[in-house]
1. Using every alpha carbon pair in the chain, what percent of pairs falls into each 10 Å bin from 0 up to the bin containing the largest distance?
2. Ordered by residue, what ³J(HN,Hα) values in Hz, to whole numbers, does segment 75-92 give under the Karplus form 6.51 cos²θ - 1.76 cosθ + 1.60, where θ = phi - 60° and Gly and Pro are x?
3. If you fit an axis through the alpha-carbon atoms of helix 39-56 and take the longest principal axis of the Cα set of the chain, what angle between them do you get, 0 to 90°, nearest 10?
4. Work out from phi, with θ = phi - 60° and the Karplus expression 6.51 cos²θ - 1.76 cosθ + 1.60, the ³J(HN,Hα) of each residue of segment 32-38, listed in order in whole Hz, and give x for Gly and Pro.
5. Only loop residues by DSSP count here, and only those with at most 11 other Cβ atoms within 10 Å; note down the chymotrypsin sites (Phe, Trp or Tyr not before Pro) in segment 66-98 that meet that.
6. How big is the charge dipole of the chain about its Cα centre, in debye rounded to the nearest 20, if each Lys and Arg gets +1 on its Cβ and each Asp and Glu gets -1 on its Cβ?
7. Of Asn28, Trp73, Gly90, which is farthest along the charge dipole of the chain in the positive direction, counting Lys and Arg as +1 and Asp and Glu as -1 at C-beta?
8. Over the chain, what is the relative contact order in percent, taking alpha-carbon pairs closer than 8 angstrom and at least six residues apart?
Amino acid sequence: MEKLAEGVVEEKARQLAGWDVTLAEGGNRLVRVFTFGDFVSALAFSVKVGMIAEKADHHPAVLVEWGKVTVTWWSHSLGGLSEKDFEMAGRTSGLYEV
């Protein structure tokens, strides 16, 4: 995996609806908040995210709250974003839209 250049990150982010690029600890991250009608639905979604992350051996930060889940993807070892992060963000969105 390689860290994506800033221009590439901006281009890919425009193609990924609902996700924001944020800067944290010196590196870019993809962040999206998913909303739900209750805690149980939010928790179930977070488990689905965990399952695809484990299969891909690429793990996000997941914050579960009543009615919402915040998912943050980045490549820890690179200190920024890689192709894999954008792929996993797209897969995460797919779980929500189903």
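1. Bin by bin from 0 Å, the calculated values are 16, 51, 28, 5.
2. Going residue by residue, I get 9, 3, 5, 9, x, x, 9, 10, 4, 4, 5, 5, 4, 5, 5, x, 5, 5 Hz, with x marking Gly and Pro.
3. Here the helix axis deviates by roughly 40 degrees.
4. Residue by residue, segment 32-38 yields 9, 9, 9, 10, 9, x, 6 Hz.
5. On the way: sites: Trp66, Trp73, Trp74, Phe86, Tyr96; in loops: Trp66, Trp74.
Answer by residue number: Trp66.
6. Taking the Cα centre of the chain as origin, the dipole is about 160 debye.
7. Most positive-ward Cα: Gly90.
8. Details: 140 pairs, mean separation 33.2, N = 98.
After rounding, I find 34 percent.
Laboratory data are not the source of any read-out in this text; all were calculated from the coordinates shown. Predicted, not measured: the structure shown is a model, and the values here were computed from it. Here Cβ is always computed from backbone atoms with ideal geometry, including for glycine, and neighbour counts include all displayed protein chains.
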